[in-house]
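The values are calculated or read from the model by the stated rules, or taken from the named source; none is laboratory data. Note that the structure is predicted; figures quoted are calculated from it, not measured. Neighbour counts run over all protein chains shown; Cβ positions are idealised from the backbone, glycine included.
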Amino acid sequence: MFAQRDAYVRRDRFASIGEADDFYTKIVGVSFEGRQNVVAGLLPGNALALVREPDNLHDANAVAVRFGLLHLGYLRREIAHRLAANLDRGDRYAASVGSITGGGARHVGVNIRVQRERQRRTAIEQHPSGGRTAVSDDALREALIGGRPLRDAQRRVLERLEEQRRTLAVLGTGRGKSLCFQLPAARATLEHGSKTLVFYPLRALANDQYDALVRRLEPLGVRIFRANGAIDGAERADLEAALEDGSWDVMLTTPEFATFHRAAFLRRENHATFVVVDEAHHLFESRHRPAYGTLGSFIRELAPQRLLALTATANADAFAAIRTALGIESWVIDPTVRENLHVVDARNTAERAAYLVRELDDSGKAIVYGNSRSEVTKLAERLRARLGPVVAFYHAGLPSAQRAMVEDLFRAGSVRIVVATSAFGEGIDLPDVRDVVLYHLNFHFTEFNQMAGRAGRDGAAARIHLLYGDSDRRINDFIIGRSAPSVQTLRELYRGMRAMASDDVLRTNYEDIARTLTLEGADGSTVGAAVRIFEEANLVAGGVDDGGRFIRFSMVDGKVDLTKTARYAEGQAERDNFERFCALALEADAATLEQIINRPIYPDRTPLER
């Protein structure tokens with residue numbers, strides 16, 4: 001892994017294509033062996049076949065592209081290298097012609113779309129009646145939390161949901177809030193084909209939960225989607241198709257996205273019998289967000305049979321606001337204080353790496369959380385040089401096999417220090433982590449609590465080291481600005497892109513647009529986020545034709561309020577949440593932060609259950 005570290009950090013555009021379910025590429029080799037005459041007769045939509053050629057003398061990973069019996073060419077070598085193992089183990093791929101380019105004096109080229117059909121182990125058998133065979137609770141719990149038993153508070157929440165009582169669960173970090181909806185949601189799908197709609201305050205939280213649920217529940221046949229403004233391309237098309245015909249089981253969304261697509265979610269095909277509001281204190285704390293102000297009435301229109309609100313933070317005002325907005329009639333409060341957790345205040349430490357060497361040299365298992373792939377890789381190298389091969393790194397750029405290897409070595413204790421991004425999180429629940437280090441400043445309190453709460457789940461003493469500093473705030477502001485551009489940045493991008501267009505059509509990639517316009521703090525990801533907002537506001541339309549990908553500008557009468565789009569509102573929520581988080585994370589004393597981490601917040605003189 002360390003020998004390959006640069007490739008993992010570089011974000012090689014083909015590095016993760018072996019795990020992709022949908023991508024576009026070009027057939028190579030179409031100008032050889034008389035193939036030009038064949039490909040010139042293809043039409044968009046023609047079905048193609050991908051055929052492995054393990055005995056190919058030039059490349060043992062070769063993947064040929066065929067139209068019936070006609071050999072058209074090959075997938076490019078870099079892609080074939082990553083798809084060959086999938087094809088060899090039985091995964092199937094469907095391919096089709098996207099567009100034909102060139103012609104005349106130019107060589108003809110073929111752009112194709114490739115879609116993966118994964119061979120999934122499934123515990124679902126369809127009956128002739130169309131019903132589903134129930135998977136046992138033991139099997140579901142094993143998929144979700146391994147062999148651990150349910151806690152009393154979790155059991156009481158599940159009992160209330162079985163009785164279809166609108167329930168609020170107040171459980172501290174690390175006390176298993178997610179299971180309270182994951183288990184009944186999966187059971188409802190597998191037994192009855194029922195749908196579950198889950199609301200999150202931030203798209204990042206929905207995305208984290210999505211990755212975990214896909215790993216745990218897709219093998220059982222549960223169809224899981226995320227619905228927010230950050231997704232694009234084929235995933236967006238799949239989401240729209242699922243909302244069109246109701247072919248989904250669990251949907252993770254934000255209030256802004258669901259409100260913008262209110263009509264779709266209210267259609268009979270998309271009726272959710274179970275609705276979950278995670279981080280429900282935002283019904284009180286985020287009243288300034290219009291989507292939260294109307295979320296209660298929206299859920300009443302959805303009319304679910306079961307409703308669950310989840311939070312670790314509900315003071316008297318928030319508790320009352322949640323109950324009022326959602327018509328909560330029942331609740332469970334887990335008052336457990338994790339007194340084994342101790343915050344070590346090392347904020348603004350000048351030599352962070354030296355601090356880690358000193359503190360983790362003779363410690364047990366530790367997770368050091370950083371904010372970027374390159375930073376965690378560099379830090380892991382420095383620690384490995386001082387502490388030996390007990391150190392590994394972990395981030396989303398690692399292929400699945402390497403991620404699984406690190407997880408297994410960490411469980412076994414061969415690796416005892418993992419330097420990781422937030423990718424090392426959901427689904428990696430280990431009881432014996434003695435130290436968690438927040439090396440960089442988080443982006444919101446939920447992430448802060450989740451990372452800190454992974455320490456000491458066995459009840460033995462554990463430390464949470466706050467190693468971030470004031471300088472991190474500027475870096476995070478910069479990162480958020482790139483993915484959630486301000487109105488001023490959107491205006492400048494729109495004017496600049498419009499000026500670059502020819503006949504109202506712009507043909508170039510997002511990185512080139514950013515380099516040409518040279519806006520401060522803007523890169524290709526900023527342009528991509530802006531284009532998604534423009535599309536939602538009907539200012540532009542994207543597409544693919546013979547000339548490749550394009551952005552077409554629409555005719556617009558009058559002003560367009562970009563702040564009314566779901567994607568802009570989601571970005572604004574990220575900025576607002578970060579500002580509130582910084583006020584505590586950087587300024588509160590260690591004792592206050594320790595209390596936030598190790599205990600739930602709930603009203604005084606309120607019964608623990610009802």
### Query
If Asp317 satisfies every condition in (1) of a type in the set (Asp, Glu); (2) modelled with pLDDT of 95 or more; (3) closer than 23 Å to Gln182 by Cα; (4) surrounded by fewer than 19 Cβ atoms within 10 Å (Cβ to Cβ) but one, which is the exception?
(3)
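Would you please name the residue that is surrounded by the fewest Cβ atoms within 10 Å (Cβ to Cβ), looking only at residues in the range 414-432 that are more than 17 Å from Thr173 (Cα to Cα) and within 22 Å of the chain's Cα centre (by Cα)? Lay out the reasoning, then the answer.
From the range 414-432, those more than 17 Å from Thr173 (Cα to Cα) are 414-421, 423; that's our starting set.
After this cut, where a residue has to be within 22 Å of the chain's Cα centre (by Cα) as well, the list is 418-421, 423.
Numbers: Val418: 24, Val419: 28, Ala420: 27, Thr421: 20, Ala423: 17.
Only one residue fits best here, namely Ala423.
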### Message
Among the residues in the range 294-309, are any surrounded by fewer than 22 Cβ atoms within 10 Å (Cβ to Cβ), at pLDDT 95 or above, aliphatic (A, V, I, L, M) and in a loop (DSSP other than H, G, I, E, B)?
### Response
yes
### Check on Ala325, aliphatic (A, V, I, L, M) and not assigned by TED's automatic domain parsing to the domain that holds Arg416
yes
### Query
In the range 484-512, what count of residues is obtained for those that are under 26 Å from the mean Cα position of the chain (by Cα) and buried (at least 17 other Cβ atoms within 10 Å of the Cβ)?
5
### Query
Out of the range 215-228, which residues are surrounded by fewer than 19 Cβ atoms within 10 Å (Cβ to Cβ) and without any contact (Cβ under 8 Å) to a residue 40 or more places away in the chain?
Arg223
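Answer yes or no as to whether Asp208 is under 30 Å from Gly98 (Cα atoms) and among the acidic types (Asp, Glu).
Details: under 30 Å from Gly98 (Cα atoms): no; among the acidic types (Asp, Glu): yes.
So Asp208 does not fit the description; no.
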### Message
For the range 555-600, which positions are β-branched (Val, Ile, Thr), under 29 Å from Ile464 (Cα atoms) and surrounded by fewer than 18 Cβ atoms within 10 Å (Cβ to Cβ)?
### Response
Thr592
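Scan the range 89-123 for residues that are of a type in the set (D, E, K, R), modelled with pLDDT under 80 and more than 30 Å from Leu190 (Cα to Cα) and jot them down. So that I can check it myself, show each step before the final result.
Residues of the range 89-123 of a type in the set (D, E, K, R): 89, 91-92, 106, 113, 116-118, 120-121.
In the following step, the residues that additionally are modelled with pLDDT under 80 were identified as 106, 117-118, 120-121.
Correct list: Arg106 only.
For residues that are in a loop (DSSP other than H, G, I, E, B) and in contact with a Ser or Thr (Cβ under 8 Å, 6 or more places away or on another chain), scanning just the range 365-415, find the one that is farthest from Ala20 (Cα to Cα). Don't jump to the end; show me each part of the working.
Narrowing the range 365-415 to residues in a loop (DSSP other than H, G, I, E, B): 370-372, 388-390, 395-399, 413-415.
Imposing the further condition that a residue be in contact with a Ser or Thr (Cβ under 8 Å, 6 or more places away or on another chain) reduces the set to 370-372, 390, 395-397, 399.
Details: Gly370: 26, Asn371: 24, Ser372: 22, Val390: 31, His395: 17, Ala396: 13, Gly397: 13, Pro399: 12 Å.
Among them, the one singled out is Val390.
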### Total residues in the range 155-198, condition at pLDDT below 95, in a helix (DSSP H, G or I) and out of contact with any strand residue (DSSP E or B) (no Cβ under 9 Å at 6 or more places or on another chain)
3
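Matching residues to (1) over 11 Å from Gly174 (Cβ atoms); (2) outside any helix (DSSP H, G or I); (3) assigned by TED's automatic domain parsing to the domain that holds Ile145:
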site: Arg434; (1), (2), (3): yes, yes, no
site: Leu441; (1), (2), (3): yes, yes, no
site: Thr446; (1), (2), (3): yes, no, no
site: Met451; (1), (2), (3): no, no, no
site: Ile464; (1), (2), (3): yes, yes, no
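Filter the range 215-237 for residues that are in a helix (DSSP H, G or I) and not aliphatic (A, V, I, L, M) and give the result.
The first filter runs over the range 215-237 and keeps only residues in a helix (DSSP H, G or I), leaving 215-220, 233-237.
Residues satisfying the conditions are Arg215, Arg216, Glu218, Pro219, Gly233, Glu235, Arg236.
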### Query
What number of residues in the range 249-265 are outside any helix (DSSP H, G or I) and out of contact with any Leu (no Cβ under 8 Å at 6 or more places or on another chain)?
1
### Message
Quick test of your reading of the structure: Glu279 fulfils all but one of (1) free of Cβ contacts under 8 Å to residues at least 24 places away in the same chain; (2) at positive phi. Name the failing condition by number.
### Response
(1)
### Selection within the range 40-69 - touching a Ser or Thr at 6+ places or on another chain (Cβ under 9 Å) and surrounded by 13 or more Cβ atoms within 10 Å (Cβ to Cβ)
Pro44, Asn46, Leu48
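So which of Ala212, Ala206, Ala242 is crowded, with 23+ Cβ neighbours inside 10 Å, in a helix (DSSP H, G or I) and either outside the structural domain of Arg151 (by TED's automatic domain parsing) or not β-branched (Val, Ile, Thr) (or both)? Step through it out loud before you land on a result.
Details: Ala212 fails: crowded, with 23+ Cβ neighbours inside 10 Å; Ala242 fails: crowded, with 23+ Cβ neighbours inside 10 Å.
After ruling out the rest, the residue left standing is Ala206.
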### Task
Give, as residue ranges, the helices (runs of 4 or more DSSP H) completely inside the range 471-539 that count at least 2 residues that are within 19 Å of Ile231 (Cβ to Cβ) and of a type in the set (D, E, K, R).
524-536
### Query
Of Ala392, Ala396, which residue is farther than 18 Å from Phe578 by Cβ and over 19 Å from the mean Cα position of the chain (by Cα)?
Ala392
### Message
Within the range 133-154, does at least one residue satisfy the condition of being in a helix (DSSP H, G or I), buried (at least 19 other Cβ atoms within 10 Å of the Cβ), over 18 Å from the mean Cα position of the chain (by Cα) and modelled with pLDDT of 90 or more?
### Response
yes
### Query
Which residue pairs have Cβ atoms under 7 Å apart, sit 6 or more places apart or on different chains, and have a first residue in the range 354-376 that is surrounded by fewer than 20 Cβ atoms within 10 Å (Cβ to Cβ) and a second that is of a type in the set (A, V, I, L, M, F, W, C)?
Tyr355/Ala346; Tyr355/Leu467; Val357/Leu383; Val357/Leu387; Asp361/Leu387; Ser374/Val9
### Which numbered condition Ala280 fails, given (1) in contact with a helix residue (DSSP H, G or I) (Cβ under 8 Å, 6 or more places away or on another chain); (2) assigned to a helix (DSSP H, G or I); (3) modelled with pLDDT of 95 or more
(2)
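Look at Arg35 and say whether it is under 24 Å from Gly102 (Cβ atoms), modelled with pLDDT of 90 or more and in the same structural domain as Tyr93 (by TED's automatic domain parsing). Reasoning before the result, please.
Values: under 24 Å from Gly102 (Cβ atoms): yes; modelled with pLDDT of 90 or more: no; in the same structural domain as Tyr93 (by TED's automatic domain parsing): yes.
In short, no.
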### Task
Answer with yes or no whether Ala350 is free of Cβ contacts under 8 Å to residues at least 40 places away in the same chain and not in a helix (DSSP H, G or I).
yes
